[in-house]
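The values are calculated or read from the model by the stated rules, or taken from the named source; none is laboratory data. What you are looking at is a predicted structure, and each value in this text was computed from that prediction instead of being measured. Positions of Cβ are backbone-derived with ideal geometry, glycine not excepted, and every protein chain shown enters the neighbour counts. Side chains are part of the model used for accessible areas, which takes the heavy atoms of the whole protein and leaves out ligands, DNA and RNA. Shrake-Rupley method; radii C 1.70, N 1.55, O 1.52, S 1.80 Å.
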Amino acid sequence: MEYLDFELPIKELEDQLDKCEIIGQESNVDVSTTCKQIEKKLEETKRKIYKNLTAWQRVQLSRHPNRPYTMDHIHALCGDSFLELFGDRNFKDDKAMVGGLGKIDGQSFMIIGQQKGYNTKTRQYRNFGMANPEGYRKALRLMKMAEKFNIPVLTLIDTPGAYPGLEAEERGQGEAIARNIFEMVRLKTPIIAVIVGEGASGGALGIGVGDRVYMMENTWYSVISPESCSSILWKSWEYKEQAADALKLTSSDMKKQKLVDDIIPEPLGGAHYDRETTFKTVQQYIMKGYNELKDLSTAELVAQRMDKYSKMGEFNE
């Protein structure tokens with residue numbers, strides 16, 4: 001298990017607990033009372049830390065290397081039923097954007113999401129979860145296929161942003177994202193979007209329009225990352241914590257501003273501490289959203305979606 005800087009007090013207590021248990025196993029000394037005291041202290045420390053996380057700490061948790069990625073969620077939700085589909089039928093297949101058909105609780109979904117890598121090799125292969133224009137065009141192709149066969153769409157969002165390289169701009173990165181947003185707003189099938197990690201900029205918005213948009217508890221959703229915001233405003237990354245607070249990018253901020261529909265709770269410590277519980281909770285929210293949408297007519301579905309997004313950003317002074 002890897003630990004973030006604010007989790008070091010937890011690491012110290014877990015190390016103490018491990019040593020205590022080893023002493024008990026290797027000697028005849030009864031250390032059960034001491035172990036229970038350490039366990040109690042560990043539980044209190046965890047609750048104190050994770051119930052009072054800052055915006056920047058939640059950003060760090062969303063990037064935790066042990067956190068389940070999109071393909072982890074897909075395999076847990078669909079098992080062996082997932083059939084991955086490839087290519088945008090124009091340029092090539094984008095490995096940062098995955099998609100295909102799968103069944104969740106007996107219901108077929110077209111599942112689309114950004115996939116990061118687990119190590120240096122796979123991170124390069126997946127381009128760190130940053131999709132090129134062909135990735136967004138692949139996503140749109142799959143959404144249109146889902147619409148044709150009346151299959152609901154599920155998007156899993158986890159990206160530091162769309163790929164900002166010269167080649168991506170040459171192939172129309174901005175147009176590809178804008179086209180996806182335009183087409184998703186009027187797509188004639190239910191769309192459920194879940195932010196499972198980072199939800200950064202247009203890279204997230206390119207698959208982020210939905211009838212139901214859920215955020216996992218320790219994720220973030222913003223037009224810009226705290227580091228980039230800090231570098232623009234203060235010409236330095238040193239103010240990233242201050243930027244994270246100012247951006248109001250946490251799940252509770254998004255829910256308060258009515259930009260997402262609900263928050264998916266995570267186990268104490270984050271999604272990586274108890275993956276099974278995390279996957280079950282995510283599935284419950286997906287099916288809850290689908291059950292609320294499945295009986296709506298196409299006209300009602302599109303009208304409600306358009307109305308939902310047209311109301312965003314309204315403020316009274």
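Which of the peptides 138-148, 38-48 is most tightly packed, and how do the rest follow, going by the mean number of other Cβ atoms within 10 Å of each residue? The partial results should precede the final answer.
On the way: 138-148: 20.2, 38-48: 14.1.
Descending packing order for the listed peptides: 138-148, 38-48.
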Straight-line reach check, K41, cutoff 27 Å on alpha carbons, 8 or more apart in-chain or any other chain, hits among lysines -> K11, K19, K51
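Might you report the magnitude of the Cβ-based charge dipole of the chain about its Cα centre, with Lys and Arg at +1 and Asp and Glu at -1, to the nearest 20 debye? Present the calculation step by step, with values, prior to reporting the outcome.
Values: 43 positive and 47 negative charges, 179 e Å.
Magnitude of the dipole: close to 860 debye.
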With the convex hull built on the Cα atoms of the chain, state its orientation-averaged projected area in nm². 19.7
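Taking the radius of gyration and the Kirkwood hydrodynamic radius from Cα positions alone, what is the Rg/Rh ratio for region 262-317, to two decimal places?
Numbers: Rg = 16.2 Å, Rh = 14.0 Å.
My calculation puts Rg/Rh at 1.16.
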Using a 10 Å cut-off on Cβ atoms, rank the peptides 67-73, 251-257, 82-88, 196-202 from the highest mean neighbour count down. 196-202, 67-73, 251-257, 82-88
Name the residue from I104, Y125, M143 whose Cα lies farthest towards the positive end of the charge dipole of region 103-158, charges +1 on Cβ of Lys and Arg and -1 on Cβ of Asp and Glu. Y125
Per residue, what accessible area does the chain have, given a 1.4 Å probe and all protein chains present, in Å²? 50
Quick one: which residues, 5 or more positions from I224 or on another chain, have an amide H under 5 Å from its amide H? H modelled 1.01 Å from N in the peptide plane, none for Pro or chain starts. S201
When N is the residue count of region 134-217, what does its C-alpha Rg come to as a fraction of 2.2 N^0.38 Å? 1.06
Inter-part gap, Cα centre of region 154-210 to Cα centre of region 69-124, in whole angstrom, is 15
Using a Gaussian network for the chain with springs between C-alpha atoms less than 10 Å apart, which of these wobbles most: I23, I263, I151? I23
Could you compute how fast region 76-188 diffuses translationally, taking Rh as the Kirkwood radius over C-alpha pairs and applying Stokes-Einstein at 20 °C with viscosity 1.002 mPa s? Give it in µm² per second. 149
Using just the C-alpha positions of region 168-317 as equal point scatterers, what log10 of I(q)/I(0) does the Debye formula give at each q in 0.10 1/Å? -0.42
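With all distinct Cα pairs included, what does the Kirkwood hydrodynamic radius of region 15-147 come out to in Å, to one decimal, could you say? Walk me through the numbers before you get to the answer.
On the way: mean 1/r = 0.0541 Å⁻¹.
It works out to 18.5 Å.
Ratio of region 127-175's C-alpha Rg to 2.2 N^0.38 Å, to two decimals?
Values: Rg = 12.4 Å, N = 49, 2.2 N^0.38 = 9.7 Å.
Normalised Cα radius of gyration, region 127-175: 1.28.
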Mind computing the radius of gyration and Dmax over the alpha-carbon atoms of region 217-262? Å is fine for both. 11.2, 35
When only C-alpha pairs under 8 Å and at least 6 residues apart count, what is the relative contact order of the chain, in percent? 15
Highest-MSF residue in the chain out of Y125, Y290, Y221 [GNM, Cα springs under 10 Å]: Y125
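Taking the Cβ-Cβ separation of C35 and L268 as r and a Förster radius of 25 Å, what is the calculated FRET efficiency to the nearest 0.05? Can you show the working numbers first?
Working: r = 20 Å, r/R0 = 0.79.
FRET efficiency, C35 to L268: 0.80.
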Peptide ranges 92-102, 224-234, 297-307 listed from the most packed, as the mean C-beta count within 10 angstrom indicates: 92-102, 224-234, 297-307
